[in-house]
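Colleague: Right, I'll just put the structure down here and ask away after.
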Amino acid sequence: MRNLEQNFKLAKEQDRRGQKALYEMFSAKMLAIANSYVNNIHDAEDILMNSFFTCFSKIDDCREWKSFQFWLRKIVVNNSINFIRKSKNILYTDVEVEEIGNVDQSWDEEEMEELNMEEIFSAMPDGYRLIFNLYVFEEKKHHEIAEILNISEGTSKSQLSKSKKWIVDFLKKRKDEKKYAE
């Protein structure tokens, strides 16, 4: 943690070594976050670069080195959402979906370890992935998601429900495919 504190102070003074060190510390994780939203590594790399540019331009807005990682993550998430808004036309539907009921939860430990979240998210429809990420990973409430994406709260709820069902169906299909392959 001492390195983070020192590099943060250097970056606040616009020292390139401190900026480079912060980039090296956090770029891989922030790239994964951006990619989890846009599902395209080249776009995620652009978002990452823009996010670090914003970060170093506005680093005085981040008061404490202890909160730097969270502050940077917020920039990456916001840039990812802005990218999606500008470049993709995502359609949401206000259809209510039943909550997931009795789902077959007979997954053994080995199958759980084999889960590849990147594979799941790369196959997931954009609208589902965006709302799932905001709700699960960013811990946003439905009213916050609705405000961020300019949709209704009901749309946010239905898309989250659909995304959960989609994941269950995806995993069930994958499990069935493995069973038939044996």
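The values are calculated or read from the model by the stated rules, or taken from the named source; none is laboratory data. Everything quoted here is computed from the prediction, not taken from an experiment. Quick reminder, even Gly has a Cβ in these numbers, built from the backbone with ideal geometry, and neighbours come from all protein chains shown. Side chains included, ligands, DNA and RNA excluded: accessible areas come from the protein's heavy atoms. Shrake-Rupley method; radii C 1.70, N 1.55, O 1.52, S 1.80 Å.
Colleague: For LYS164, what accessible area in Å² do you get when you roll a 1.4 Å probe over the heavy atoms of the protein chains, rounding to the nearest 10?
Modeller: My reading of the accessible area for LYS164 is about 80 Å².
Colleague: Let me ask something else about it. What whole-number distance in Å separates the alpha-carbon centres of the stretch 14-38 and the stretch 66-88?
Modeller: 12
Colleague: Among LYS9/LYS141; LYS141/LYS165; LYS66/LYS140; LYS86/LYS165, which pairs are too far apart, with a Cα-Cα distance over 24 Å?
Modeller: From the list (LYS9/LYS141; LYS141/LYS165; LYS66/LYS140; LYS86/LYS165), the Cα-Cα distance tops 24 Å for LYS9/LYS141; LYS86/LYS165.
Colleague: Let me ask another. At a Förster distance of 22 Å, what's the computed FRET efficiency of GLU119 paired with MET49, Cβ-Cβ distance as r, to 0.05?
Modeller: After rounding, the FRET efficiency stands at 0.30.
Colleague: If you don't mind, there's one more thing I want to ask. Tell me the per residue accessible area of the stretch 128-182 using a 1.4 Å probe; a whole number in Å² is fine.
Modeller: 58
Colleague: At 1.4 Å probe size, put HIS42, HIS142 in order of accessible surface, largest to smallest.
Modeller: Highest to lowest solvent-accessible surface, that is HIS42, HIS142.
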